[in-house]
1. Considering only protein heavy atoms, with the full assembly of protein chains and a 1.4 angstrom probe, order 368, 135 by accessible area, largest first.
2. Within the chain, which is the longest segment containing none of the chymotrypsin sites (Phe, Trp or Tyr not before Pro) that sit in a DSSP loop and have at most 16 other Cβ atoms within 10 Å?
3. How high is the relative contact order of the range 96-158, given as a whole-number percent (alpha carbon pairs under 8 Å, six or more residues apart)?
4. Would you list 167, 268 from the most to the least accessible area, probe 1.4 Å?
5. For the chain, what relative contact order do you get, as a whole percent, if you take Cα pairs closer than 8 Å and at least 6 residues apart?
6. For the range 138-284, what ratio Rg/Rh do Cα atoms give with a Kirkwood hydrodynamic radius?
7. Provide the per-residue ³J(HN,Hα) series for the range 175-184, in order, calculated from phi with Karplus coefficients 6.51, -1.76, 1.60 and θ = phi - 60°, each as a whole number of Hz, with x at glycine and proline positions.
8. Would you kindly calculate the translational diffusion coefficient of the range 331-402, applying Stokes-Einstein with the Kirkwood radius from alpha carbon pairs, for 4 °C and a viscosity of 1.567 mPa s, and quote it in µm² s⁻¹ without decimals?
Amino acid sequence: MDQVIDFINVNRDRYIEELKQYLAIPSISALPQHAADVRRAAEWTADALRTAGIPDVRLVETPGNPVVYGEWLGAPGRPTILFYGHYDVQPVDPLDLWITPPFDATVRDGEIYARGAADDKGQVFMHIKAVEAHMKKAGALPLNMKFFIEGEEEVGSVHLDEFIRAHKPLLAADVVVISDSTMFDRGIPSICYGLRGLVYFQIDVRGTKTDLHSGSFGGAVANPALVLAQILAQMKDRGGRVKIPGFYDDVRPLSEEERAEWRKLPFHETRYRKELGAPRLFGERGYSTLERVWARPTFEVNGLLSGFTGEGAKTVLPAVAMAKVSMRLVPDQHPDRIAELFEAYVKKVCPATVELKVTRMHGGKPWMTEFDNKYVRAAGRAIQKGFGQAPVFNREGGSIPVVSTFQEELGLPSVLFGVGLPDENAHAPNEKLDLGNFHNGIISSAYLYQEIAAV
Ligand code: BES
Ligand code: ZN
């Protein structure tokens, strides 16, 4: 193992240069004009696995973007890891807020800046390099590994459930390993044992055939921008509670034990608030900030569009208004059930003065696991070796739709070992990854395979 770790230390700078190439591919899954780039990223990922010493790698087609599948099964009798990650990235707008271009990865102050640096190419690449170190120095992995790296995570992994159901023998394994989450804080590595689910909608409201002069017609018809605002305003009360009837019916209450554990975590609320630039924090009454984000569901407006928003003033009644909204879900809420409740409520609160269209988009189920299993303990030891510190256990507010599918369809537990940081601007301008965490993450991953091999 010493040789494997030495190899990783010696190659530290090379890894960064290679990662820059990966990050240069604008594999934005949400934008059809990037379809060729998305495929190029899939091929790049497959080549990187081959270079790492996994000869058996191919692209498997789906109705959407291809899955990169690879396997090395040279350790009969040992456990098999199914490694999951994603090579697609989020859109980059607003572009003018990036200090350096999103697909021209740049190192500043020990961090690499680019779209996908943390979410998730950097973290996928970290495992590929850990695999490479084992293959180069030991000529083998300490256990069997299957690689399952997809290209539609950022658009809800819509084809993946079907893919998993259709390829159960191919994906058979003992445990799933994922690095697509964040550490608790700088210097505090963590293992994530819960994710929120998601259900996403677009709401369109139409008031009239076309925009109208607000003097000639204002007062005669409903204003769709205002109607939409009124609809949205009825989604939450002033105490931060979602008002959709039945919304909380299936919410699993937080246990006193879990709350007590979280109170011990080194969370600095004032620092958190200041870093976000928020005048005050806001959320559901009766819960702490971590509880609200990790264990309570929420309704959020993701975007709003209506009327005149250019410079100056224009006296107009907009014909239409549009909002993108989503709800983060917790165990045991079900996206389909919540979607029904939401649609019914929007229809009920929308006045007859406008035409309403509600369109459901992607989503995913929440996930939570017992964290005291042998794989999680193995990951804890590996992180201790790589970061010089034992991890804390946390849940996350984000979603990775496929994790609950791994559990339900394949019966597999997942170990979520993420090395991103909460302030690394995932999905925002100036996304970055701390190169120290990247490096320690490669070392931890190399140890992780060895530790899991021995459970
Ligand atoms: N890496 C994130 C998920 C994540 C974020 C995990 C923060 C833990 C902490 C992932 O790439 C992501 O952004 N997922 C989407 C899923 C959605 C499009 C269905 C999300 O959470 O919005
Ligand atoms: Zn993401």
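The values are calculated or read from the model by the stated rules, or taken from the named source; none is laboratory data. The structure presented is a predicted model; accordingly, all values stated were derived computationally and were not measured. As a convention, Cβ positions derive from the backbone with ideal geometry for all residues, glycine included, and neighbour counts pool all protein chains shown. Calculation scope for accessible area: heavy atoms of the full protein, side chains included, ligands and nucleic acids excluded. Shrake-Rupley method; radii C 1.70, N 1.55, O 1.52, S 1.80 Å.
1. Per-residue accessible area, sorted high to low, gives 368, 135.
2. 1-247
3. RCO, the range 96-158: 14 percent.
4. 268, 167
5. 26 percent
6. 1.09
7. Values, residue by residue: 7, 9, 10, 9, 10, 8, 9, 10, 6, 5 Hz.
8. Rounded, D is 80 µm²/s.
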